[in-house]
1. With a cut-off of at most 13 other beta carbons within 10 Å, and DSSP calling the residue loop, which GluC sites (Glu not before Pro) in the stretch 101-155 qualify? Please list them.
2. So for the pair Arg193, Ile116, with labels modelled 7 Å out along Cα→Cβ, what separation do we get in nm?
3. If a/c stays under 1.5 just call it rounded; otherwise compare a/b with b/c (prolate if a/b is bigger, oblate if not). Do that for the stretch 12-248, with a ≥ b ≥ c from the square roots of the Cα gyration tensor eigenvalues.
4. Given a cut-off of under 8 Å on Cα pairs at least six residues apart, what relative contact order in percent is computed for the stretch 10-113?
5. All other residues with a Cβ under 14 Å from the Cβ of Trp22 taken together, and with Lys, Arg as +1 and Asp, Glu as -1, what is their net charge?
Amino acid sequence: MTVATVFDPPGLKTVFAGEHAWCGEKMKVTAALEGAVPLSQFFASGAFEAALQRYGEAHPGGDRRAIVSMWSLYYFSALAIPFIVARRAERLLPVSLGTMTIALAEDGLPRAFGLIDEGVWSDEGGEDLARAVVPLLRGHLEPVVDRLKSRAGMAPKLAWNNVAVYLDYAFNATATTADAETWPARPLFEADRLADGGVNPFKGCLKRESDEMGPEPGRLVCRRKVCCLRYLLPGIPSCGALCALPAQRH
């Protein structure tokens with residue numbers, strides 16, 4: 001039996017340590033986050049569109065769909081990686097969209113997220129990604145994907161694939177035993193349903209395939225199902241062998 005109880009945590013910096021210490025700059029308690037704005041207000045007002053416009057100014061002539069997709073990549077990386085890193089450390093962060101805040105950088109990209117508190121201890125779910133993602137999915141990702149679609153025209157399948165790459169990275173990077181041939185996050189991308197019984201939007205988003213066109217033929221790479229469209233923005237480097245589009249694997 002698992003019990004999640006509020007406790008007096010030693011601080012998020014003890015959770016975000018080592019190679020993931022940078023997560024402490026992306027996920028903070030709102031009281032310590034300068035320029036924090038409630039996320040619900042951010043998406044409900046014109047602030048979201050203004051952020052996209054500022055980011056787009058750095059990529060003149062860039063395709064609107066690619067601008068939205070790249071902006072979301074920054075959003076999802078700053079949200080999903082710290083969440084999973086903390087989850088692996090048996091800390092469940094309060095990531096409900098209604099209680100969180102966001103602070104933006106000068107270019108309109110997400111700079112950091114603010115939390116209502118430093119979370120609760122929970123020893124269930126850290127080793128099972130299909131269980132670990134449920135609070136993040138239901139409380140935050142689902143409403144954000146809806147907002148990205150309704151307010152920016154972003155296809156949900158693209159949004160889910162953009163989230164998937166960061167869940168995959170964070171879970172694999174924090175695995176206790178892993179090598180080039182193992183893929184700790186694999187079950188999430190093969191399961192029909194998540195641990196709560198709900199439909200799994202991440203099924204099929206990533207797949208391990210043999211790269212026959214790269215400098216190391218036969219090397220296993222993890223490819224997206226849906227391209228992130230970065231190739232439509234001038235000056236943004238390609239994903240190379242990882243790209244969903246064969247023509248962009250260079």
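Nothing in this text is a laboratory measurement; each read-out follows from the coordinates by a stated rule. Quick caveat, the model's predicted, so the values are computed rather than measured. Positions of Cβ are generated from backbone atoms using ideal geometry, with glycine treated the same way; all protein chains shown enter the neighbour counts.
1. Glu106
2. Rounded to a tenth, the inter-label distance reads 2.9 nm.
3. Working: a/c = 1.60, a/b = 1.07, b/c = 1.50.
Here the stretch 12-248 falls in the oblate category.
4. 44 percent
5. Summing Lys and Arg as +1 and Asp and Glu as -1 gives +2.
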